[in-house]
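Everything below concerns the one structure shown next.
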Amino acid sequence: MPNAIELLREDHRKVKDLFDHFEAKESGDKKQIVDTTLRELAVHTTIEEDIFYPAARRALKNIDGDQSDTIDEAWEEHHVVKLLAAELKKMRPSDERYGAKFTVLAESVKHHIEEEEGELFPKLEGHIENEELGEKIMTRKQSLLRTDSKSNTRSGNAGTRSARNRGKAKPRMRKRRRASGNRR
């Protein structure tokens, strides 16, 4: 049976490895590393928010009374990660602050991982249904990865526009606005 905390630690290791790989890459295409990292983070945050954090909040309440600050802070850290991820998705690797933004994302996630693994996980050991939760996490993760895989297959690549269509979106939007009478 899978252990929930070990599954989350495994995700943490995978993402930290991706961050290290990005930092070690001197030049070339870092976009694939960024896309893979963002996909992994999206799956991981969804699993934590939908399955792990609610169980952790209940367990912490039973252990220490009310420890909702710990979980609330984790949610806010996820929020920051989602904001940075959304900005990175809109950027090109050639954009001036692309590398800097990814580095800030990495630092934020590493800090989050340290708090979870150093404070939250040890508190929860023996106080949550690790195997039952692990089963739910594995099932949900497989579902999310399957869904992501299907959308990537349909679109051709992780939701990015092709080079051929990249420059056409703005002129099409202007044309639609003119036709509707809505000008900017």
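The values are calculated or read from the model by the stated rules, or taken from the named source; none is laboratory data. These numbers come from a predicted model, not from an experiment. Neighbour counts run over all protein chains shown; Cβ positions are idealised from the backbone, glycine included.
Residues checked against (1) modelled with pLDDT of 95 or more; (2) touching a Ser or Thr at 6+ places or on another chain (Cβ under 9 Å):
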| site | (1), (2) |
| --- | --- |
| Thr45 | yes, no |
| Ile63 | no, no |
| Asp72 | no, no |
| Val81 | yes, yes |
| Ala86 | yes, no |
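The condition of being under 21 Å from Asp20 (Cα atoms), under 17 Å from the mean Cα position of the chain (by Cα) and surrounded by 14 or more Cβ atoms within 10 Å (Cβ to Cβ) holds for only one of Ala74, Ala85, that being Ala85. Of the residues in segment 37-55, not one is hydroxyl-bearing (Ser, Thr, Tyr) and either outside any helix (DSSP H, G or I) or without any contact (Cβ under 8 Å) to a residue 12 or more places away in the chain (or both). If you take the residues of segment 14-31 that are over 14 Å from Glu107 (Cα atoms), of a type in the set (Lys, Arg) and not in a loop (DSSP other than H, G, I, E, B), which of them is modelled with the lowest pLDDT? This residue is Lys31.
Identify, please: which residue in segment 24-51 is of a type in the set (Asp, Glu) and surrounded by 14 or more Cβ atoms within 10 Å (Cβ to Cβ) and is, among those, nearest to Asp148 (Cα to Cα)? Ranking the candidates gives Glu40 first. Residue under question is Ala100, and the condition is that it be assigned to a helix (DSSP H, G or I), closer than 20 Å to Glu23 by Cα and out of contact with any Asp or Glu (no Cβ under 9 Å at 6 or more places or on another chain); does it hold? Answer is yes for this residue.
Pairing each residue of segment 114-127 that is among the polar types (S, T, N, Q) with any residue that is surrounded by 15 or more Cβ atoms within 10 Å (Cβ to Cβ), provided the two are 6+ apart or on different chains, yields no C-beta distance under 6 Å. Condition check for Ala158 on (1) in contact with a helix residue (DSSP H, G or I) (Cβ under 8 Å, 6 or more places away or on another chain); (2) modelled with pLDDT of 95 or more: one failure, at (2).
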